[in-house]
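Trainee: One structure, as structure tokens, below. Some questions next.
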Amino acid sequence: MGEQEPEGGGEAAKTRKPRKSAPSAKPAKAAKAAKDVKVTKAARPRKKATVVTEKATAAVPKASPAKTVAPEPPKGESRTALVRRARRINRELAEVYPYAHPELDFENPFQLLVATVLSAQTTDLRVNQTTPALFARYPTPEDLAAADPEHVEEILRPCGFFRAKTKSVMGLSKALTEEFGGEVPGRLEDLVKLPGVGRKTAFVVLGNAFGRPGITVDTHFQRLVRRWQWTEETDPEKIEAAVGALFPKSDWTMLSHHVIFHGRRICHARKPACGACPIAPLCPAYGEGETDPEKAKKLLKYEKGGFPGQRLKPPQAYLDAGGKPAPPLRANG
Ligand code: SF4
């Protein structure tokens with residue numbers, strides 16, 4: 001779940017452009033959203049809610065799970081309206097990205113764990129282009145723990161920070177071998193004890209290899225939930241708790257994929273493609289990026305822009321939707 005573009009707090013207030021009103025006549029999806037939601041007038045400052053639900057009948061989730069914390073809704077928006085709007089955005093994104101998935105290639109929990117650790121400070125694409133050679137040579141934790149570090153470094157060189165990453169993946173392989181019988185544990189508290197494994201990595205593994213719900217707060221997730229005013233928290237763990245309180249636990253893993261897909265394809269850090277964004281009518285930050293539909297279209301990435309994705313072996317649903325596999329390392333230069 002590596003980074004595609006620098007975050008650098010880039011979209012923070014200092015660089016923010018004045019907002020424009022979200023388009024009132026949008027393609028089908030937006031029209032559907034607009035039926036239940038009205039967007040308030042243009043160029044209001046961010047703190048004034050720009051999206052208000054007409055009916056606020058949805059129940060606020062019952063007592064939040066232990067670690068979740070109900071966030072304060074943005075000024076002018078009730079807690080119920082915030083929950084409704086957040087869930088509506090997630091439903092819209094589910095329609096835009098029905099094939100959303102983790103963008104790291106993996107065939108088992110061990111591969112996903114290693115790939116996620118390797119994805120720090122680089123793209124998932126680069127990791128996917130690197131791991132086939134690694135897993136062909138060292139398919140199990142035992143194999144990787146006993147490897148020659150120099151050989152592993154050579155394989156991992158394209159991922160950047162290859163010496164530190166070699167230490168991490170060999171260290172976690174050793175811990176898996178010695179403490180968990182060569183298996184990746186399926187519990188958060190065990191995963192975060194492994195060298196180089198934090199909560200983000202642990203939730204990626206739990207959500208995608210064990211089917212246990214988790215929210216992945218990466219740089220895209222942080223940026224988008226702030227743009228949507230789901231929370232004003234900046235600490236990843238607090239964001240996780242605040243956003244977790246807006247959704248049922250069963251939604252957490254796919255919510256993470258939807259948000260991250262949207263951040264990588266449309267709602268970029270520096271130039272969000274607002275004019276081509278299907279959830280514009282629901283977004284308080286509409287106008288932060290390019291609003292001209294033609295210019296915005298040119299900013300779209302991966303399958304939304306007609307380009308290959310990040311996975312060399314994407315899920316069938318992605319291919320069925322017209323997505324293309326990423327090229328292997330050699331073909332990419
Ligand atoms: S692209 Fe623009 S309209 Fe769409 S979610 Fe991002 S900021 Fe909002």
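Trainee: Give me a count of the residues in the range 291-316 that are more than 9 Å from the ligand (Cβ to nearest atom), outside any loop (DSSP other than H, G, I, E, B) and either buried (at least 20 other Cβ atoms within 10 Å of the Cβ) or not acidic (Asp, Glu) (or both).
Mentor: The number of residues fulfilling the criteria is 9.
Trainee: Among the helices (runs of 4 or more DSSP H) confined wholly to the range 178-290, which include 2 or more residues that are within 13 Å of the ligand (Cβ to nearest atom) and in the same structural domain as ARG88 (by TED's automatic domain parsing)?
Mentor: Values: elements: 188-191, 199-209, 219-227, 236-244, 252-265.
In the range 178-290, 219-227, 252-265 are the helices (runs of 4 or more DSSP H) which contain 2 or more residues that are within 13 Å of the ligand (Cβ to nearest atom) and in the same structural domain as ARG88 (by TED's automatic domain parsing).
Trainee: Right, something else. Taking interchain pairs and intrachain pairs at least six residues apart, which have beta carbon atoms under 7 angstrom, with the first residue in the range 263-279 and farther than 18 Å from GLY309 by Cβ and the second part of a loop (DSSP other than H, G, I, E, B) and basic (Lys, Arg)?
Mentor: Final answer for the pair search is none.
Trainee: Out of (1) of a type outside the set (Phe, Trp, Tyr); (2) surrounded by fewer than 20 Cβ atoms within 10 Å (Cβ to Cβ); (3) out of contact with any His (no Cβ under 9 Å at 6 or more places or on another chain); (4) in the same structural domain as ALA285 (by TED's automatic domain parsing), the odd one out for ASN90 is which?
Mentor: (3)
The values are calculated or read from the model by the stated rules, or taken from the named source; none is laboratory data. In this text, all values refer to a predicted model and were calculated from it rather than measured experimentally. A quick note on method: Cβ atoms are made from the backbone with ideal geometry, for glycine too, and the neighbour counts reach across all protein chains shown.
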